[in-house]
Amino acid sequence: MRLHLVDGTYELFRAHYSPRPGHESPSGQDLKATVGVVSSLLYLLHDAAEDVTHIAVAFDNPIRSFRNDLYPFYKSDEGVEPALRAQFDTVEEAVRALGVAVWSMKEFEADDGLAAGAYKFRDQVDQVRIMTPDKDLGQCISGTRIVQVDRRQSAFRERRGFAPASMPDYLALTGDAADGFPGLPGFGEKTAGLLIGAYAHLEGIPARAADWTVKPRGALQLAATLAERREEAFLYRKLATLDEDAPVAQSLDEVRFRGVPRPRFEAWCREVGSTTLATVPHRWEP
C-alpha cells in the first residue's frame, strides 16, 4: 500500500501560471487552475508506476496560518490574483468529485497537513510519497518509508550536505523567500549548508568561530551575527518547522482511493463545461 500526499496549493498555482489553455465555466468563471489540478490528479491516479492505493490532497485555504501571528511578514493571501483566489473553494470541490480526500487547512498550512499525514500513517503503509518539490517537506524524509517523490534520504544528504531533520535549521539561516522570512545576513546556501552539515542544529554551532571545525569565508562576522540574532534565528526555525498536529484523516480508510465516482465526476464535468475530462478516467469506483 502507498499513501500519496499531494500539495494541492502548489498544484493550483502551477496550473494557473502554466502555458496550458485557459478554461471558463458556462457561467464565465476562470477555472484554468482548477481544471489543471484535476487533469494532473487524473494522470497520477492512472499512473501504473505510482500505483495509488491511498491519497489525500492538502490545500492552504486561506493562505494564512498560526505563523502569521508569530511573524507578521509571513506569506498570506495578499497579492494573490483574484481569479486564482476565487478558485480556492472550487478546486477542493473538484478534487472531492474525483473521490480523493481533501485536507483543507485553516489555521495550519498545506505543508503541515502533508507532514502530519506522513507521520501519522507511516507505519500503516509500505511507503508515503509526498508529491511536491517544496524543500520544506525535505524534513519529513525517512529512508524509503517517507520519500519526497522518489528522493531517498541518502540522495538528500548528498545534495544538501545535511540530514532531512536539519532543514528547519538550514532555512533559519538562509531564509525562505517563498514563505516571507529573510534568514540571517551573510548566510548563503553554501555557508549554511556547511555549518548545518557539521553541527546539525543551531544549538550545536559553537559560539566562537575559532571553535568551528569548518571554516566558511567571513567566519568571525558570521559567528557575531549568529550571536546577536540568535532569537531571530530560532523564530525563523519555528516558522520553517512543520507542525505534526495539523488536522488530517483519523483513519487510513478515509484516504483509500476506491476509484473515481462516475456519476459525481461526470456531473462536475458538466457543471464546469469540460467534456474532455469526462472521457479520461478508467479507474471508476465499483
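Among all residues of the range 229-250, there is none that is surrounded by 14 or more Cβ atoms within 10 Å (Cβ to Cβ), free of Cβ contacts under 8 Å to residues at least 24 places away in the same chain, outside any loop (DSSP other than H, G, I, E, B) and acidic (D, E). Is the range 182-192 home to any residue that is of a type in the set (A, V, I, L, M, F, W, C) and under 16 Å from L70 (Cα atoms)? No, the conditions are met nowhere in the range 182-192. The residues on offer are L84, L70, and the sole one that is surrounded by 16 or more Cβ atoms within 10 Å (Cβ to Cβ) and either at pLDDT 95 or above or over 16 Å from D7 (Cα atoms) (or both) is L84.
Is at least one residue of the range 137-144 closer than 24 Å to G175 by Cβ, free of Cβ contacts under 8 Å to residues at least 40 places away in the same chain and in contact with a helix residue (DSSP H, G or I) (Cβ under 7 Å, 6 or more places away or on another chain)? Yes; the residues of the range 137-144 include at least one that is closer than 24 Å to G175 by Cβ, free of Cβ contacts under 8 Å to residues at least 40 places away in the same chain and in contact with a helix residue (DSSP H, G or I) (Cβ under 7 Å, 6 or more places away or on another chain). Evaluated against (1) within 22 Å of A249 (Cβ to Cβ); (2) free of Cβ contacts under 8 Å to residues at least 60 places away in the same chain; (3) open to solvent by 10 Å² or more (accessible area, probe 1.4 Å); (4) assigned to a helix (DSSP H, G or I), Y43 falls short on exactly one condition, (1). Restricting T144, T213 to those that are among the β-branched types (V, I, T), modelled with pLDDT under 95 and open to solvent by 10 Å² or more (accessible area, probe 1.4 Å) reduces the list to T144.
With respect to the stated conditions, D51 fails to be surrounded by 23 or more Cβ atoms within 10 Å (Cβ to Cβ) and under 22 Å from C140 (Cα atoms).
The values are calculated or read from the model by the stated rules, or taken from the named source; none is laboratory data. In this text, all values refer to a predicted model and were calculated from it rather than measured experimentally. FYI the Cβ positions are ideal-geometry reconstructions off the backbone, even for glycines, and counts take in every protein chain you see. With ligands, DNA and RNA removed, areas are computed over all heavy atoms of the protein, side chains included. Shrake-Rupley method; radii C 1.70, N 1.55, O 1.52, S 1.80 Å.
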